[in-house]
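A short worksheet on the structure shown next.
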Amino acid sequence: MTRLSTFLIAFLLISNQAWTQLAKQANRFMTDFVATEPLKLPLYYREELPRHNLGDIIKAFASTKIYGFNYKDESGPFNDSLTLTEKERSFLQQQFNQQSGKIWTKPHFRNWHLVSEDSLKHYHEVDQYFWFSPDRLGGRLYTFSKPVFFRNDSMCLFYWGYWCGTRCGEGQLALYQKQDGKWKYRFSLFMWES
């Protein structure tokens, strides 16, 4: 009985330490992301990743060779690629598959507001034209995946996008790489714009 108790306590301490480390790493990534992306404040974002976005993300890992496009490079846009091991591909699919349902429970930064799916349904019930122009939400409703880290935490895949009406919005699944202790954009696996 004593061994079992000791094992359980050790397991819980190690698990808690791993979750704490992952949360710190995700927070560092989000801080670097916010510093480099032109996000409109105050920022309103969904607690869930919509199914259609999640489906597109999973399709991006159909092969071990992922291709992308870097549109931010100062010397001009260029194509890029990354070869994943089968183990990495499987890990990434698993990590994103776990992001169905509620993934965010509290705001990350000042002037960020988490919007529940129930609130979105209510807005639509009250105003049938809500989806045409989300003025109640500062004009934009953002969606973020949880960052997924791999290759000894030197790379990260992250989906983000926003919707600002039926013909307004954009989103992308992007690869970020850690350089000099900061997360830097490397390329987008896919992008959409409306």
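The values are calculated or read from the model by the stated rules, or taken from the named source; none is laboratory data. Everything numeric here is computed off the predicted structure, so don't read it as measured data. So basically every Cβ, Gly included, is an ideal-geometry build from the backbone, and we count neighbours across all protein chains shown. What goes into the accessible areas is simple: the full protein's heavy atoms, side chains included, and nothing from ligands, DNA or RNA. Shrake-Rupley method; radii C 1.70, N 1.55, O 1.52, S 1.80 Å.
Can you tell me how many residues in region 26-79 are in a loop (DSSP other than H, G, I, E, B), of a type outside the set (Ser, Thr, Tyr) and open to solvent by less than 50 Å² (accessible area, probe 1.4 Å)? Qualifying residue count for the region: 8.
Taking region 60-76 as the range and being of a type outside the set (S, T, N, Q) and closer than 24 Å to Met30 by Cα as the test, the residues that pass are Ala60, Phe61, Ile66, Tyr67, Gly68, Phe69, Tyr71, Lys72, Asp73, Glu74.
Residue-by-condition table, conditions (1) modelled with pLDDT of 90 or more; (2) touching a Leu at 6+ places or on another chain (Cβ under 7 Å):
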residue	(1), (2)
Met30	yes, no
Thr36	no, no
Tyr45	yes, yes
Glu48	yes, no
Tyr67	yes, no
Tyr71	no, no
Ser81	yes, no
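Only one entry in Ser188, Ser119 is polar (S, T, N, Q) and either closer than 17 Å to Leu41 by Cα or in contact with a strand residue (DSSP E or B) (Cβ under 9 Å, 6 or more places away or on another chain) (or both), namely Ser188. Test Glu86 against the stated conditions and say whether it is under 26 Å from Ala62 (Cβ atoms) and charged (D, E, K, R). In short, yes.
Inspect region 149-158 for any residue being of a type in the set (Asp, Glu) and farther than 16 Å from Gln25 by Cα and give the result as yes or no. Looking through region 149-158, none of the residues is of a type in the set (Asp, Glu) and farther than 16 Å from Gln25 by Cα.
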